[in-house]
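Have a look at the structure below before the remarks.
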Amino acid sequence: MYDPTESVVRSLSIGVYSALRECALAKQFSLQINGGELKYYYMGYYIHSCSKMRYKAQFKPSDLGCPKTYEWVPIEKCVALLDINKVACFSRAYSGTSFDSNDSTVFGLAAIARDFEINLAELGSVRLFVDGRIVLMKRADWTAMTPHEKRERNQLFSVVKKVAGKMGEIRTSDLNAGVRRTVGTGHSGKILSASWSSDGRRIATGGIDGTVRVFQHRTDSSQMVREATHRAHVADVDQVTWSPTSPSILASAGADRTLRLWDVRVPTSSKSNANTTPTSSTANVLTVTTPGENINVAWASDASCLAVGDKDDCVSFIDPRGSSNSNAQQQTNTNPQQHPASPYIWHTLKNDCEVNEIRWDNSNSLFYLTTGHGTVRVLDFPSFKQLYEVNAHTSNCYCLHFDPNGRYMAVGSSDSLVSLWDVNDFVCLRTFAHQE
């Protein structure tokens, strides 16, 4: 059915093609069985922050259900609100006006709250996330409340609302002093990625607004100060990560099909003061054009190579040190005199399944990929020969990380479990179902 030799079919991913086939079958069944009464096809859940689901928004006409009024709203109007906040009242989109991101009637939990009653005496207990810790509210706590407190409808809601936090903010913690700080990043939309530099002095964020923002930790004042804002990307910045060997080199990958390398030591084009926003100079940017819309990026531990994964499950391997090789794939050097050799793609790895996370081991001799089949593929590097495929979970494996010594591997999955593995024998040592 999926014939890649056909030009029209070849232009579509397997996921998009299968969705189109299901739409066609639904229409066919409607005509044959229900006389055309079957008018709608349900494409499942839509999570706007999940890059793997965004293809669903490309099918038109398509509607999303408003969580407040249960009305169906055209998805293009919903997307405009979800770009601002992941929680929104879609029915307000009908007015066609622009909204302030702080408008609580449109965005946030308050905008979709409904009038309902919860009988905690019947539930027994409720777990609440308050100020960074889990609080267990037992039946005895509820029964000890006064009648007035029980009637206060917003009592619980005011506590639960702390879970959501505020859009465009990051939280940092001083573990020694036990102090938590909230830093206003200036992003006009959701933050998709955050990364600390190897020396712990800077934190970088990438957002849905297409910007990369760098903050520096001032030890004299214990404050996070915005150092620069990089605006070279023209779409979502899905991943930012610092070089493991140089605390001044930052890589960012975005949906605009580019990987960009930033040198934060290069002076910015405008100084930061009370009336201006620090903005990056173009002299500190190196750009590599990639085959698809990027969703993740990883450095080799010695910074000799970068791997970039895209929505089409293709992984591109980039030499960040550059080369004079005339066969180097698509690349852009914004300042050739300063950077005589540009990074280039020296290998692409196409996969036959969904790839969610990519990472080298600490020795750089093995390359790991987590898949939508619940497995972890282990490849020899740089030959890319598959050595093992570990059956780690029963559903999608989303993330993977190694301990500093490289002895253990942790894998997170959509089955709500984290598994811990011995990388020498690929034996699962234990699983974690909740924080312990």
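Taken together, the values in this text are just the output of simple stated rules run on the coordinates, not laboratory data. The shown structure was predicted, so the numbers you read here are calculated from the model rather than taken from an experiment. As a convention, Cβ positions derive from the backbone with ideal geometry for all residues, glycine included, and neighbour counts pool all protein chains shown.
Computing FRET efficiency as 1/(1 + (r/R0)^6) for Arg218 and Ser49, where r is the C-beta to C-beta distance and R0 is 35 Å, gives about 0.65. Between Trp72 and Ser416, the FRET efficiency from the beta-carbon distance, with R0 = 35 Å, is close to 0.70.
The string of couplings for region 418-432 from the Karplus curve (6.51, -1.76, 1.60, θ = phi - 60°) is 10, 10, 10, 10, 8, 6, 6, 10, 6, 10, 6, 7, 5, 10, 10 Hz, one whole number per residue in order, with x for Gly and Pro. With θ taken as phi - 60° and the Karplus curve 6.51 cos²θ - 1.76 cosθ + 1.60 applied, the whole-hertz 3J(HN,Hα) list for region 204-213 is 10, 10, x, x, 6, 7, x, 10, 10, 10 Hz, x standing for glycine and proline.
Close amide H partners of Ser188, meaning residues 5 or more places away or on another chain with modelled amide H under 5 Å apart, are Asp209. For Asp352, Asp256, Asp313, Asp302, the sequence from fewest to most other C-beta atoms within 10 Å is Asp352, Asp302, Asp256, Asp313.
Applied to region 292-301, the Karplus parametrisation 6.51 cos²θ - 1.76 cosθ + 1.60 on θ = phi - 60° returns per-residue 3J(HN,Hα) values of x, 7, 7, 10, 8, 8, 9, 9, 5, 5 Hz, with x for Gly and Pro. With a threshold of 26 Å on the Cα-Cα distance, the over-threshold entries among Lys56/Lys350; Lys27/Lys190; Lys27/Lys311; Lys68/Lys311; Lys39/Lys190 are Lys27/Lys190; Lys27/Lys311; Lys68/Lys311; Lys39/Lys190.
Ranking His233, His393 by Cβ neighbours within 10 Å, fewest first, what do you get? Show your work: numbers first, answer last.
Details: His233 22, His393 25.
Sorted ascending by nearby Cβ count, the order is His233, His393.
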